[in-house]
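A quick write-up on the structure given underneath.
The values are calculated or read from the model by the stated rules, or taken from the named source; none is laboratory data. All values reported here derive from a predicted model rather than from experimental measurement. Heads up, the Cβs are rebuilt from the backbone with ideal geometry, glycines too, and the neighbour counts pull from every protein chain shown.
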Amino acid sequence: MDKIRLGKTGLMVTRLGFGGIPIQRLSIDEAAAVVRRCIELGINYIDTANAYTTSEECIGKAIAGRRKDVIIATKSGGRTRADVEKHLALSLKHLGTDYIDLYQFHNIADKDSFNKVMGPGGAMEVFQEAKKAGVIKHIGVTSHSLDMAKEMVVSDIFETILFPFNFITDEAERELLPLCREHDVAFICMKPLAGGMLDNATICFKYLFNFPDVIAIPGIEKISEIEEIVGILNRPYKMTKAEEQEMQRLRDELGSSFCHRCDYCRPCTNDIQISTVMIAPSFFKRQPPERFFTGGTAEAVLKAADCTECGECETRCPYHLHIIDTLSERVVWFREEKARYEATLVKKG
Ligand code: SF4
Ligand code: SF4
């Protein structure tokens with residue numbers, strides 16, 4: 001598999017990486033088999049996070065004895081020294097390694113988070129000390145906010161940025177990618193399938209593989225999924241006329257309903273976590289049900305029932321999404337899915 005340079009890190013990575021969110025739904029052995037198959041297919045870039053429950057442990061099992069063959073990228077959502085110290089120690093233990101190739105600040109969404117990690121007693125102190133000690137080799141960042149991402153790329157503090165990128169919108173291509181090139185910051189693409197909202201892998205990956213310096217890291221749960229994507233990578237990427245038409249149809253259809261998690265709609269007058277609720281079905285597809293129905297997303301969706309329909313958020317959404325209607329649909333959807341899940345538990349006894 002072709003390798004490309006990971007920006008100023010100088011690491012050479014396959015342009016197709018492995019995204020470690022969905023393996024949380026599998027047993028450790030099943031997940032390790034998926035990761036091993038990805039490595040066999042030639043993938044050398046593996047992404048995970050402290051927050052992805054069992055993901056690091058599964059990857060640790062899969063890479064045992066072949067640590068040098070892979071580049072491990074993980075993340076900490078900690079904002080303080082104490083949190084990151086704890087997360088880093090856990091990541092090393094779960095991954096069964098004594099170094100991490102790329103350690104990323106997980107989801108820096110706004111200026112407050114950025115200032116916190118960079119300030120005294122903030123997360124950056126641990127990142128820098130660990131880098132000096134050789135425990136982490138490179139420092140990156142992840143975000144869903146285009147404005148924050150642009151600011152962080154031009155800051156020249158980070159070596160990589162992990163940002164959502166797919167054919168639904170071209171903002172990342174127009175505004176972020178040129179800055180990454182200018183500052184030699186690697187652009188790693190999350191959500192190539194729009195967080196599970198797109199299922200036409202051929203169109204999604206043909207689109208992405210046309211950017212020769214973008215690394216795509218689809219979340220993989222099944223061996224058949226990665227084999228399909230590798231098949232696309234091994235063919236010419238030029239889309240057929242029919243594929244181009246289908247891409248445009250999907251753009252038109254989803255462009256007006258797809259939540260970018262940019263959070264420009266915040267704050268909600270009633271403390272509803274709007275973007276979390278908007279994309280809840282995507283979490284549902286990727287998380288184990290016992291976690292989904294008891295975790296923060298479930299709490300956020302239930303809270304959405306308190307929406308007063310004041311409309312403030314809709315005036316701020318740059319994509320003119322129908323937030324109020326969507327929130328109400330999500331509440332109904334959640335209750336139905338939860339009832340279905342509880343029924344399966346009763347059946348199992
Ligand atoms: S319309 Fe609902 S979600 Fe939007 S700001 Fe008002 S209460 Fe919050
Ligand atoms: S609802 Fe609109 S403003 Fe809010 S996160 Fe989604 S895309 Fe951004």
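Residues are listed down the side, and each one gets a yes or a no for (1) at positive phi; (2) within 13 Å of the chain's Cα centre (by Cα); (3) buried (at least 17 other Cβ atoms within 10 Å of the Cβ):
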{"site": "Val154", "(1), (2), (3)": "no, no, no"}
{"site": "Phe163", "(1), (2), (3)": "no, yes, yes"}
{"site": "Ile168", "(1), (2), (3)": "no, no, yes"}
{"site": "Asp184", "(1), (2), (3)": "yes, no, no"}
{"site": "Cys189", "(1), (2), (3)": "no, yes, yes"}
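Within region 258-298, if we keep just the residues that are over 14 Å from the mean Cα position of the chain (by Cα) and of a type in the set (S, T, N, Q), the residue that is nearest to ligand 2 (Cβ to nearest atom) turns out to be Ser275. Inspect all residues belonging to region 333-342 and state whether any of them is within 16 Å of ligand 2 (Cβ to nearest atom), out of contact with any Ser or Thr (no Cβ under 7 Å at 6 or more places or on another chain) and at pLDDT 95 or above. Checked against the condition, which is being within 16 Å of ligand 2 (Cβ to nearest atom), out of contact with any Ser or Thr (no Cβ under 7 Å at 6 or more places or on another chain) and at pLDDT 95 or above, region 333-342 yields no hits at all.
Evaluating Ala62 against the criteria (1) surrounded by fewer than 19 Cβ atoms within 10 Å (Cβ to Cβ); (2) in contact with a Cys (Cβ under 9 Å, 6 or more places away or on another chain); (3) not hydroxyl-bearing (Ser, Thr, Tyr) leaves one unmet condition, (1). Within region 99-155, being basic (Lys, Arg) and within 30 Å of Ile274 (Cβ to Cβ) holds for Lys111, Lys116, Lys150. Taking first residues from region 299-328 that are more than 13 Å from ligand 2 (Cβ to nearest atom) and partners that are assigned to a helix (DSSP H, G or I), the Cβ contacts under 7 Å between residues at least 6 apart in sequence or on separate chains come to Val301/Val277; Val301/Ala280; Val301/Arg330; Val301/Val331; Val301/Phe334; Ala305/Val331; Glu309/Ile324. Of the residues making up region 253-306, just one is modelled with pLDDT under 85, buried (at least 19 other Cβ atoms within 10 Å of the Cβ) and of a type in the set (Gly, Ala, Ser), namely Ser282. One residue stands out in region 222-252 among those that are closer than 27 Å to Thr315 by Cα and away from ligand 2 (no atom under 16 Å from the Cβ): the one that is surrounded by the most Cβ atoms within 10 Å (Cβ to Cβ), namely Leu250.
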